[in-house]
Amino acid sequence: MKRFIAGLLGCCMALAASAQTSKPVHIDPSGWSSSPAPLQAYWFAPQGSGARAAVVMLHGCGGAYAKDGSLNARHQMWGELLAAQGIGALMLDSFSSRGVRELCTQKYAERSLKEADRVGDAYAALAWLRQQPGADGARIAVLGWSHGAGVTLDTITHPPAELAQGFAAAVAFYPGCTARAKKAERFRPYAPVLLLIGEADDWTPAAPCVALTQAAQRNGAAMDIVTYPGAYHDFDNPDITQVRLRKDVPNGVNPGQGVHTGPDAGAREAAKVRVSAFLGRVLVP
């Protein structure tokens, strides 16, 4: 227990020391993305010297920002956490350049931007990172939440013909797995995948993700899943104070009845440890 507390204190001290304003950058979508304009992104520079590993982060259906226009608390938290660990983080905004505000309140079939449409965004970000002197192009992962996690799963199963090497790993927080699980034998990730989801999630349920992971493992894929008992969608969001029912969301396990979203501090902290360990194993030589 003493070692665990010391580890947490060390992590908090590192985060405090690295607290920073992320640097805005623009990603050229040419040849990769359907975006009609450069993609906005925010770069969290990693601590340390030399070429560092990096992560492309993909937001969910609510977009990248808080109500005041700044990056929302979850993206800021993860960007700072990764940077403090010596891993650069590029928070990619797929919505602003397309004039999209949010997709959460739209039915899946009516959404103007699908998960598959954002795969090119991820690879445009990967190509941009490989041009940066501070990033090791062979050690770049992709990490997404919800809609962005679906993009992550699409990305890691569709290697780019234009690049000799795709992403080195993928992390997916509570993606929608229902449709994928129906064709699970076709799901073939080309790099290690870590999937994290709450067992109480009634927006993107856990059971299909478990089935998808098991099918991938049978096919020899390096894919693991962690389910958190009692945790709902958005369990890692530090800006939510309590579980709430979002009746404005028409999708989910019970369409038309809303979905629950809310924090789970235990699951959030456990996810930080699990993701850090996973990225440390697959990205650090």
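The values are calculated or read from the model by the stated rules, or taken from the named source; none is laboratory data. Every value quoted in this text rests on a predicted model; they were computed, and no experiment measured them. Counting neighbours? That spans all protein chains shown, and the Cβs are built from the backbone with ideal geometry, glycine included.
Here are a few things to note about the model shown:
- Residue within segment 224-241 that is at pLDDT 95 or above and exposed (fewer than 14 other Cβ atoms within 10 Å of the Cβ) present: yes
- Any hit, segment 62-70, residues being of a type in the set (D, E, K, R) and in contact (Cβ under 8 Å) with a residue 40 or more places away in the chain: no
- Residue match in segment 172-194 (condition: polar (S, T, N, Q) and part of a loop (DSSP other than H, G, I, E, B)): no
- Residue within segment 152-165 that is among the β-branched types (Val, Ile, Thr), assigned to a helix (DSSP H, G or I) and within 30 Å of Asp28 (Cα to Cα) present: yes
- Filter pass, Ala116 being surrounded by fewer than 17 Cβ atoms within 10 Å (Cβ to Cβ) and among the hydrophobic types (A, V, I, L, M, F, W, C): yes
- Within segment 162-175, being of a type outside the set (Phe, Trp, Tyr) and in contact (Cβ under 8 Å) with a residue 60 or more places away in the chain holds for Glu162, Ala168, Ala169, Val171.
- Here is the figure for segment 95-142: residues that are closer than 30 Å to Gly48 by Cβ and in contact with a Phe, Trp or Tyr (Cβ under 7 Å, 6 or more places away or on another chain) total 7.
- Residue check, Ala109 part of a helix (DSSP H, G or I) and either surrounded by fewer than 21 Cβ atoms within 10 Å (Cβ to Cβ) or modelled with pLDDT of 95 or more (or both): yes
- Filter result (over 21 Å from the mean Cα position of the chain (by Cα) and under 21 Å from Thr213 (Cα atoms)) within segment 231-254: Val253
- With respect to (1) hydroxyl-bearing (Ser, Thr, Tyr); (2) in a helix (DSSP H, G or I); (3) at pLDDT below 95, the lone exception for Thr21 is condition (2).
- Every residue from segment 237-285 that is among the small types (Gly, Ala, Ser) and more than 30 Å from Lys107 (Cβ to Cβ): Ala265, Gly266, Ala270, Ser276, Ala277, Gly280
- If you filter segment 42-75 down to residues that are assigned to a strand (DSSP E or B) and closer than 12 Å to Trp145 by Cα, you find that the one that is farthest from the chain's Cα centre (by Cα) is Val56.
- Test: residue in segment 186-194 that is modelled with pLDDT under 95 and surrounded by fewer than 19 Cβ atoms within 10 Å (Cβ to Cβ): yes
- Taking each residue of segment 196-217 that is over 16 Å from Ala149 (Cβ atoms) and looking for partners that are crowded, with 23+ Cβ neighbours inside 10 Å and hydroxyl-bearing (Ser, Thr, Tyr) with beta-carbon atoms closer than 6 Å, six or more apart or interchain, yields Ala200/Tyr232.
- Selection of segment 136-161 for residues being over 15 Å from Leu283 (Cβ atoms), β-branched (Val, Ile, Thr) and free of Cβ contacts under 8 Å to residues at least 60 places away in the same chain yields Thr155, Thr157.
- Selection within segment 142-170 - crowded, with 23+ Cβ neighbours inside 10 Å and of a type in the set (Ser, Thr, Tyr): Ser146, Thr152, Thr155
- Meets criteria (under 23 Å from Thr204 (Cβ atoms), touching a residue at least 60 places away in the same chain (Cβ under 8 Å), surrounded by fewer than 22 Cβ atoms within 10 Å (Cβ to Cβ) and touching a helix residue (DSSP H, G or I) at 6+ places or on another chain (Cβ under 9 Å)) for Ala73: no
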